[in-house]
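No value in this document is a laboratory result; all are computed from the given coordinates. These numbers come from a predicted model, not from an experiment. All Cβ positions, even for glycine, are placed from backbone atoms using ideal geometry, and neighbour counts span all protein chains on display.
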Amino acid sequence: MTDEQLFNMSDEDLEEAFIEAKADMMSPDTTYEEVNSDYDNNDDEVEYLEQPDEDSDDDTSIEDEDYETTDDESDTTDDELDGDIEEEEEYTEPVMEEAPMEIQPIQKQKFKANGKEYEFTDDEIRTQFPKIFGQAMDYTRKMQAIKPWRKTIDAIEGAKLNHDDVNLMIDVLKGDKDAVAAVLKRTGVDALDLDVDNSKYVAKDYGRNETELAIKDVVDKISVDPEYNMTHRVLSSEWDDRSFKEMTDDPELIELLHMDVKSGMFNKVQPIAEKLKVYGRGAKSDLDYYKEAAGIYFGELRQEESRLAETERSRRFEVERIEAEKAKVAQVRAHQQKIKTVKQESVKRKAAAPTRAVSGAKKSTNYLDDSDESFEEWYKSVEARM
């Protein structure tokens, strides 16, 4: 039986069909559990059908309408869902390709030490500076404590003595007979040849002095640079002895000269120094001529910088003057155009006005027939009164 036939049945036919269906369900083919289950679920519905109201037809029609509406809505919903499913199947969400992030290079600073170049990031400098600075301060304090003993250390290094040799010398000075015997055996000196009472021993001065040690420090520092060979050649062979003595007396000058050699400044200043030496016939030392040449070079450099700055100021002044003249010309042209426009408007108004003679009327001056100078003077007077 179709749904349409079921909807068209009256209440009596529907009740009769229900009783037949119930009788079929009670047949032996149906198990006891299934019958009881279905029967319990439909008790309320049987009572409702057995006691129809007076307006059962209307109720049935209402139910039919509700059922049709529900069916339509379900169909619509199914269609809509089907449509949504189809749309979801067909719709492909576009994949937004993210632009690759531009990786900024890490900023690094370069420092030179021991002839090598080292790179440090800003984070490394910030995090390591407190630690390194503390170590540097501690190193400086220790070097100051060692400074009085540098000559002794240099003497030991020069004699190539090890720690055991130092201990032996200390024991000899303390009067250890075994230590003295070890020294005699080591040196091959016969004890009978020693004149203890008439000894004229004078201690020799071992180790370099402070100036020589300072020179050693500078040389150790700059010798790792490839430019050191040129600095050494200048001091040892190209410059005179007076310059060498003056620079060895103040080792800091050696380091300053080496800095000029590394930066390329020496190649710029030295030719000037050589000319000065020729002009002065070598009356001064090469170092003095170099200092004088450096003053001349930097003086010329400052003059060139001043000249370039003055040229730049003159250029800016000229640009500003030209811009001011252009603005003035534009202003004059705008004023002339305004006068021309006023003249044209006056001509149009005069042509449009009716012409008739008025007796006793005062004759007006026609400024349009005057020269441009007269008209401009008249225009300014009118503009001033407005």
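Greater than 32 Å separation of Cα atoms is the criterion. Which listed pairs, Lys160/Lys221; Lys112/Lys284; Lys174/Lys204; Lys131/Lys160; Lys221/Lys268, meet it?
Working: Lys160/Lys221 23 Å; Lys112/Lys284 35 Å; Lys174/Lys204 20 Å; Lys131/Lys160 36 Å; Lys221/Lys268 24 Å.
Where the Cα-Cα span goes over 32 Å, the pairs concerned are Lys112/Lys284; Lys131/Lys160.
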* Where does each of His335, His258, His163 land when they are ranked from fewest to most other beta-carbon atoms within 10 angstrom? -> His163, His335, His258
* Asked: Applying the Karplus parametrisation 6.51 cos²θ - 1.76 cosθ + 1.60 with θ = phi - 60° to the phi angles of region 325-340, what ³J(HN,Hα) value in whole Hz is obtained for each residue in order, glycine and proline being reported as x?
  -> 5, 4, 5, 5, 4, 5, 5, 5, 5, 5, 5, 5, 5, 5, 4, 4
* Asked: At a Förster distance of 25 Å, what's the computed FRET efficiency of Trp149 paired with Asp249, Cβ-Cβ distance as r, to 0.05?
  -> 0.60
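Quick check: convex hull of the Cα atoms in region 115-188, volume per residue, rounded to a whole Å³? Each step should come with its number before you reach the end.
On the way: hull volume 11.1 nm³, N = 74.
With only Cα atoms used, region 115-188 gives 150 Å³ per residue.
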* Total formal charge among the other residues, if their Cβ is under 14 angstrom from that of Leu184, Lys/Arg +1 and Asp/Glu -1 -> -2
* Tell me, how many Å apart are the Cα centres for region 271-308 and for region 192-267? -> 27 Å
* Want the number for Glu274 to Tyr206: 0.36 nm per residue separation, take away the alpha-carbon distance, what's left? -> 20.4 nm
* Taking the Cβ of Asp154 as the centre, find all other residues whose Cβ is under 15 Å away and add up their charges (Lys, Arg: +1; Asp, Glu: -1). => +1
* To do: Add +1 for every Lys or Arg and -1 for every Asp or Glu among the other residues with Cβ under 12 Å from the Cβ of Gly207, and state the total.
  => 0
